[in-house]
Amino acid sequence: MTVPSIRTRKKDGKTEQPLVMLTAYTMRMAQLLDPHCEMLLVGDSLGQVIYGLPSTVPVTMEMMCAHGAAVVRGSWHALVAVDMPFGSYEGSPEQAFASASRILKESGCAAVKLEGGEAMAPTIDFLTKRGIPVIGHVGLTPQAVNVLGGYGARGKSDAEARKIVGDAKAVADAGAFCVVIEGVMENIADQVTDAIAVPTIGIGASANCDGQVLVTEDMLGLFERTPRFVKRYDDLATRIGDAAAAYRKEVLGRAFPTEEQTYRPKA
Ligand code: KIV
Ligand code: NA
């Protein structure tokens, strides 16, 4: 998958086959998900999901570069995009270019994603004109949790709805090749999808988006947080707990290891 092949999936405002995106943070998970996805996102959600941080705000460039490289090593079909962490791009287009180029060089990924609307449009323009494909992210932008005051759905007032639609247009006009739209009322997601020429990738943004994304650990039932918009396709937390309990029982009962798992000199 390439940036043009993602962008042109939407033709004359329509996307026949929706784009499938999931998050991945590790090589092995990337290998397993890659055949099923057009895009893999190394999301800064890794801050909460694998580092136990309270939000995405403390996530570092080092984390994103290291996990980005691991995911690239596990992917061959999907386009890998890496989130720009909070504080690495908002200062100026030049700061964003320095950070984004480092992410591309160190991880080998094909694109970056950054949060924000109109205020980030000049930065998106700056990056795309200098060879760095950018995915936009509007609506609920988790890095702004300290301003938003929480993770509730956005666009409940008319003014907020208009702002989100304007933000999506601004990042698309600035050159983003697709736009993640998170945690918004269905009517806003519809308006955004109608208003911009590039694909919208929804998360908590209803079914009419040009694609969907979920945090893989949420979808697998592996993380305790379950926002309303997550569908659990498995319950791996229970299955992992059961496996660990079975292992413990066999170790305590000296039922593991058996002969099969034991090295002995050949008779
Ligand atoms: O960090 C992340 O995982 C994301 C997606 C949920 C869109 O930004
Ligand atoms: Na993110």
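All conditions but one from (1) touching a Gly at 6+ places or on another chain (Cβ under 6 Å); (2) within 15 Å of ligand 2 (Cβ to nearest atom) apply to Gln143; the one that does not is (1).
Of the helices (runs of 4 or more DSSP H) contained entirely in region 165-267, those carrying at least 2 residues that are within 16 Å of ligand 1 (Cβ to nearest atom) and hydrophobic (A, V, I, L, M, F, W, C) fall at 186-195. In region 26-50, the qualifying residues are those that are polar (S, T, N, Q) and in a loop (DSSP other than H, G, I, E, B), and the one that is nearest to ligand 2 (Cβ to nearest atom) is Ser45. Can you name the residue in region 92-107 that is out of contact with any strand residue (DSSP E or B) (no Cβ under 8 Å at 6 or more places or on another chain) and within 19 Å of Arg73 (Cα to Cα) and, of all such residues, is surrounded by the most Cβ atoms within 10 Å (Cβ to Cβ)? Per the criteria, the residue is Glu106. Within region 201-226, the set of residues being polar (S, T, N, Q), within 16 Å of ligand 2 (Cβ to nearest atom) and touching a Ser or Thr at 6+ places or on another chain (Cβ under 7 Å) comprises just one member, Thr216.
Residue count for region 64-109 satisfying the condition of being part of a helix (DSSP H, G or I), among the hydrophobic types (A, V, I, L, M, F, W, C) and out of contact with any Ser or Thr (no Cβ under 6 Å at 6 or more places or on another chain): 8. Scanning region 95-115 for residues that are more than 15 Å from ligand 2 (Cβ to nearest atom) and hydrophobic (A, V, I, L, M, F, W, C) turns up Ala96, Phe97, Ala98, Leu104, Ala110. Note on region 51-63: among residues that are touching a residue at least 40 places away in the same chain (Cβ under 8 Å) and more than 10 Å from ligand 2 (Cβ to nearest atom), the one that is farthest from Gly149 (Cα to Cα) is Met61. Residues in region 115-156 that are under 18 Å from Gln48 (Cα atoms), loosely packed, with under 14 Cβ neighbours inside 10 Å and among the small types (Gly, Ala, Ser): Gly149, Gly150, Gly152.
FYI, it's all coordinate maths here, none of it is from the lab. Here the structure is a predicted model, which means the values were calculated and not measured. In this analysis, Cβ positions are derived from the backbone assuming ideal geometry, glycine residues included, and neighbour counts consider all displayed protein chains.
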